[in-house]
Amino acid sequence: MSSIPVRLGILGCGNVGASLVKIILEGQSLIESQTGEVLEIAAIAVRNLSVDRPPWVPRDLLTGDPFAVVTDPTIDIIVEVMGGYDPAKILIEEALRSKKSVVTANKSLLSDYGEEISRLARNQGRDVFFEAAVAGGIPLIRSLKVSLAAERVRRVTGIVNGTTNYILTRMAEDGISYSDALKSAQELGYAEADPVADVEGFDASAKAAILASIAFGRNVLLQDVSREGITAVTLDDFAFAKRHGYTLKLLAICEWIETEGNSDGKISVRVHPAMVSLTHPLASVRDAFNAVFVEGDAVGELMFYGRGAGGLPTASAVLGDIIDAAHNLRFGSTERHMARPEAQILAIDELEYQFYIAIDVSDRPGVLGQVATVFGENNVSIMSMEQVGLGQEARLIFITHLAKEHAVQKTLGEVRKLAAAKRLVGFIRVLGKIDN
Ligand SMILES: NC(=O)c1ccc[n+]([C@@H]2O[C@H](COP(=O)([O-])OP(=O)(O)OC[C@H]3O[C@@H](n4cnc5c(N)ncnc54)[C@H](OP(=O)(O)O)[C@@H]3O)[C@@H](O)[C@H]2O)c1
């Protein structure tokens, strides 16, 4: 039995949009036989009508007027795969006001306006789905939202940016510098000509905010995420990590922290490079792959692994959302909508880590003592120290015991003021515990 077609308005026909058009047109009979839904592409909005499109994109469906698409009364679902804030936000809002459900892959928009957009969807009795916004083709958002809906998730630790994971993998495995690894990522199309969004951790931070919101049921925004990128990571850091059975990964960490006297939990969300034990499942995630490690009270440990970007994997996640939205429209239902209260954010300053710290100093008697005294005065206890001769200078490499971030930052500020301290050449937090 064939259903009435569900009409789609697609905003954007780039990497994701064109791949989506392909899998819908080529997979029509599979989609219908597996889901009962018949999808019809009604219009595809683009910025520039004169750009060459892949051969499977029907020319007669292209339009330069996305506003006409979102207000077209014959369209049921708007798929926003254009990216950016403006006009994507207004178009999504207009679509919801016009009683259409929305599927989007737009992490930047959701990390700033996710709750506002969800509220509008709730009020309009429509869905906003965004499986593709975090970790591309990996079915993660729905797992957190639906399968783990009532789980007390304690921590979500993810490698959610394929570009930086590729760069760090090349540094670890081929021993090439950060700038050579970046060049290789650019040649392969993993990194943009302007790589800032990836290498400075902005992309991962947007995803971390979305993950934390879903995992903990609170409204976490991009501005709540502490962010540090990978540009300062060196081959020396990798060499140290390797000697101690670790590697380096850019991690997005979302944590639910209960403190005494606080009935609600606090949330910590941060993105930074971290030393990860080679025995941790995330250490084996190589190249441009993504993985997200979830720890919950009842479920224990879960790991989601796959391609976090790319036209087809991302379009696959978008298509799954479209099918859900189509089903709900047909049966007059929506997903389970919940208002998310504001999150209480715990600043990274308050967290405890072990730290790897490398400082170049003048190689003179007494300098180690001066540096160690500053650590001690700030209650930062040193677990191990290595000294490497560098001619006139020496490199002091410390692993601290667990210490508060603010105490370590204060220590480093004071060490920098010592005449013998030349430069801080390594500062990386440790995931878990180094105890050798
Ligand atoms: N690429 C991935 O692997 C990936 C993974 C996960 C999530 N996402 C998200 O998916 C979204 C799309 O990414 P993408 O890589 O497909 O981007 P893209 O290749 O740059 O494509 C963007 C498309 O949107 C169209 N567009 C942009 N501004 C427009 C406007 N004002 N009016 C009408 N059309 C407009 C562009 O039109 P023209 O073609 O005429 O320029 C283009 O077709 C983004 O939110 C991105 O963050 C992407």
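All told, Leu120 falls short of being surrounded by 22 or more Cβ atoms within 10 Å (Cβ to Cβ) and modelled with pLDDT of 95 or more. The residue that is surrounded by the most Cβ atoms within 10 Å (Cβ to Cβ), counting only those in region 136-167 that are more than 21 Å from Lys107 (Cα to Cα) and of a type in the set (Val, Ile, Thr), is Ile167.
Taken across region 389-396, residues that are out of contact with any helix residue (DSSP H, G or I) (no Cβ under 6 Å at 6 or more places or on another chain), among the polar types (S, T, N, Q), surrounded by fewer than 15 Cβ atoms within 10 Å (Cβ to Cβ) and farther than 23 Å from Asp349 by Cβ do occur, with at least one present. Per the conditions (1) loosely packed, with under 14 Cβ neighbours inside 10 Å; (2) modelled with pLDDT under 95, the sole criterion not satisfied by Gly369 is (2). Being buried (at least 24 other Cβ atoms within 10 Å of the Cβ) and in a helix (DSSP H, G or I) is the requirement here; does Ala132 meet it? Criteria met by Ala132.
Applying the set (1) assigned by TED's automatic domain parsing to the domain that holds Asp360; (2) more than 18 Å from Asp360 (Cα to Cα); (3) not hydrophobic (A, V, I, L, M, F, W, C) to Asp435 leaves exactly one unmet item: (1). For region 11-53, taking the residues that are under 20 Å from Ala326 (Cα atoms) and charged (D, E, K, R), the one that is nearest to the ligand (Cβ to nearest atom) is identified as Lys22.
Applying the set (1) part of a loop (DSSP other than H, G, I, E, B); (2) not assigned by TED's automatic domain parsing to the domain that holds Val160 to Ala315 leaves exactly one unmet item: (1).
Residue pairs whose Cβ atoms lie under 6 Å apart, sitting 6 or more positions apart in sequence or on different chains, and linking a residue in region 217-244 that is more than 30 Å from Ser147 (Cα to Cα) to a partner that is in a helix (DSSP H, G or I), are Gly229/Val199; Ile230/Thr164; Ile230/Val199; Thr231/Val199; Phe238/Met171; Phe238/Ala172. Taking region 370-379 as the range and being more than 11 Å from Phe398 (Cα to Cα) and aliphatic (A, V, I, L, M) as the test, only Val374 passes. Total residues in region 54-81 satisfying the condition of being within 7 Å of the ligand (Cβ to nearest atom) and of a type in the set (Val, Ile, Thr): the figure is 1. Can you find a residue that is in contact with a Gly (Cβ under 9 Å, 6 or more places away or on another chain) and outside the structural domain of Ser268 (by TED's automatic domain parsing) anywhere in region 398-419? Among the residues of region 398-419, not one is in contact with a Gly (Cβ under 9 Å, 6 or more places away or on another chain) and outside the structural domain of Ser268 (by TED's automatic domain parsing), which makes the answer no.
Somewhere in region 153-174, is a residue more than 30 Å from Arg243 (Cα to Cα), in contact with a helix residue (DSSP H, G or I) (Cβ under 8 Å, 6 or more places away or on another chain) and outside any strand (DSSP E or B)? So far as region 153-174 goes, no, none of its residues is more than 30 Å from Arg243 (Cα to Cα), in contact with a helix residue (DSSP H, G or I) (Cβ under 8 Å, 6 or more places away or on another chain) and outside any strand (DSSP E or B).
Checking each residue in region 303-321 for being within 9 Å of the ligand (Cβ to nearest atom) and closer than 14 Å to Ser143 by Cβ picks out only Ala317.
Look at Gly391 and say whether it is outside the structural domain of Leu250 (by TED's automatic domain parsing), out of contact with any strand residue (DSSP E or B) (no Cβ under 9 Å at 6 or more places or on another chain) and at pLDDT below 95. For Gly391, the condition - outside the structural domain of Leu250 (by TED's automatic domain parsing), out of contact with any strand residue (DSSP E or B) (no Cβ under 9 Å at 6 or more places or on another chain) and at pLDDT below 95 - is met. With respect to (1) within 23 Å of Ile41 (Cβ to Cβ); (2) touching a residue at least 24 places away in the same chain (Cβ under 8 Å); (3) within 15 Å of the ligand (Cβ to nearest atom), the lone exception for Gly114 is condition (1). Taking region 82-104 as the range and being within 17 Å of Glu40 (Cα to Cα), within 15 Å of the ligand (Cβ to nearest atom) and either out of contact with any Phe, Trp or Tyr (no Cβ under 7 Å at 6 or more places or on another chain) or polar (S, T, N, Q) (or both) as the test, only Val102 passes. Taking the numbered list (1) modelled with pLDDT of 95 or more; (2) surrounded by fewer than 21 Cβ atoms within 10 Å (Cβ to Cβ); (3) out of contact with any Leu (no Cβ under 8 Å at 6 or more places or on another chain) in turn, Phe304 passes all entries but (3).
The values are calculated or read from the model by the stated rules, or taken from the named source; none is laboratory data. Since the model is a prediction, treat every value here as computed from it, not as a measurement. Note that we place each Cβ from the backbone using ideal geometry, even for glycine, and neighbour counts take in every protein chain shown.
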